[in-house]
Amino acid sequence: MKTLNECTIARSVALMTALVFTPRLHAMNDSSLSDEKSWFSLTGKGYVAYQHDSNVGISELDTNSNSADSARYTKGNLKLSIAPTDAWVSDLSVTHSATSYGEQSEFDLDITTLGVASSYAFEALKVGVHYYDANASLGSDRFLSYEQYGVSAGKLIMQRGYVRLSTDKVAKQFETATNRNSNADSFRADMFWFFEDDDFVELALTYQDEDAVDNVFSFKSNGLELGYSYPVSVLSKVLTFKLAYQLNNRNYANETAGGIGREDDSQRIKLDINYEVLSYLDVVFSARSGDFDSTLAQADYNETIAEIGVNLHF
């Protein structure tokens, strides 16, 4: 199944989890809470973009159209943070995204996600728990419900490195394709290293064991992710380059009469360029390309997505 388009539920929720628990070294090194700091803070984001997709489809259904289309993509997020101390932080969030295609409206996708996350930084390590509930509509019909919850533990290393381990339970409930309903166990290890110029590298190893109602859709996967982020100053504003690479292998439980089961191998590369026009306004350009090899014909394809957008935040 493809996961190049980040509008898919699993991709969106995974990204939210990563953002919540990505380390911020300056925050972790502060040992006291200012008397003037409020326990509560409310932040919001609004993103509007135009994108072109070379191969429109829906990953959760192994479906792609083999044709290109352009789309309007919007995303909004509100997050309430509660921090009685520097060590203890909790977040309540709601996110809604919508992808509307110009010609292939049957692939229009709306996702609403509710999230709760809490973390506590002990002297030895930082531990956290999180829960996300997402619902998606495809076209004008209810499509999929997605639930994810898990725990994580992270540790600062030599003031420049950070290691985080996490494990999650994932449940998918399809509105019509109920034979794809599934439960999964996933594990992830992230390693960050921060440099003096505020750039950093990330290495992640992933594993997932998904058990579907119909064994045809059950699989085990292993993944590798590499990322590099580099900020520079342009006209006294921050311009950030982010480059990411992902490699994933899926082995499905079912076997054909010849004893050969389905296997998917995918490689993805993504470039993000973010320019801070104002303190509350960014211009964003992204390009991502994927090569998806599979023994299943409809899951064997290539895809490229280019996107330009504006991000408002407070």
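No lab work stands behind these numbers, since they all come straight from the coordinates. What you are looking at is a predicted structure, and each value in this text was computed from that prediction instead of being measured. Methodologically, a virtual Cβ is constructed for each residue, glycine included, from the backbone with ideal geometry; neighbour enumeration extends over all protein chains shown.
Residues considered: 269, 111, 157. Largest GNM mean-square fluctuation over the chain, using C-alpha springs under 10 Å, is found at 157. Listed by chain and number, the lysines whose alpha-carbon sits under 26 Å from that of residue 270, ignoring those within fewer than 8 places in the same chain, are 2, 45, 75, 220, 237, 242. Placing unit charges on each Cβ (+1 for Lys and Arg, -1 for Asp and Glu) gives the chain a dipole about its Cα centre, and among 247, 84, 42 the Cα reaching farthest toward its positive end belongs to 84. Note on the chain: GNM, Cα springs under 10 Å; of 182, 100, 233, the largest mean-square fluctuation is that of 233. Taking label positions 7 Å along the Cα-Cβ direction at both residue 175 and residue 45, the computed distance is 2.7 nm, reported to one decimal. Are there any GluC sites (Glu not before Pro) in the range 82-135 that are in a DSSP loop and have at most 10 other Cβ atoms within 10 Å? List them by number. Taking the range 82-135 and a limit of 10 other Cβ atoms within 10 Å, the loop GluC sites (Glu not before Pro) found are 123. Taking a point 7 Å from the Cα of residue 82 along the Cα-to-Cβ direction, the residues of the range 115-147 with backbone N closer than 15 Å to it are 115-120, 129-131. Using 0.36 nm per residue and subtracting the Cα-Cα separation, the extra length available between residue 236 and residue 289 on full extension is 15.9 nm.
Between the helical axis of 9-21 and the longest alpha-carbon principal axis of the chain there is an angle of about 20 degrees.
If you wrap a convex hull around the alpha carbons of the range 9-313, what volume per residue comes out, as a whole number of Å³? Intermediate values should be presented prior to the final figure.
Values: hull volume 40.8 nm³, N = 305.
Dividing the Cα hull volume of the range 9-313 by its residue count gives 134 Å³.
Summing +1 for each Lys or Arg and -1 for each Asp or Glu among the other residues whose beta-carbon sits under 13 angstrom from that of residue 191 gives +1. Farthest toward the positive end of the dipole of the chain, out of 261, 204, 59, is the Cα of 204, where the dipole comes from beta carbon charges about the Cα centre. What the Cα atoms of the range 222-314 give is an Rg and a Dmax of 18.7, 64 Å. Exposed loop sites here mean trypsin sites (Lys or Arg not before Pro) with a DSSP loop assignment and at most 16 other beta-carbon atoms within 10 Å; the chain contains its longest site-free run at 161-314.
Along its three principal directions, the equivalent ellipsoid of the range 156-314 from the Cα gyration tensor extends over semi-axes of 36, 20, 16 Å, largest first.
Largest mean-square fluctuation among 88, 39, 193, in a Gaussian network model of the chain whose springs join Cα atoms under 10 Å apart, belongs to 39.
Only Lys, Arg, Asp and Glu carry charge here, each on its Cβ (+1 for the first two, -1 for the last two); on that basis the chain has a dipole of about 580 debye about its Cα centre.
Label-to-label distance for residue 145 and residue 167 is 2.6 nm, based on points extended 7 Å past Cα in the beta-carbon direction.
Multiply the residue separation of residue 74 and residue 201 by 0.36 nm, subtract the distance between their alpha-carbon atoms, and state the gained length in nm to one decimal. Please report the intermediate quantities before stating the final value.
Numbers: separation 127, 0.36 × 127 = 45.72 nm, distance 2.84 nm.
This chain segment gains 42.9 nm when fully extended.
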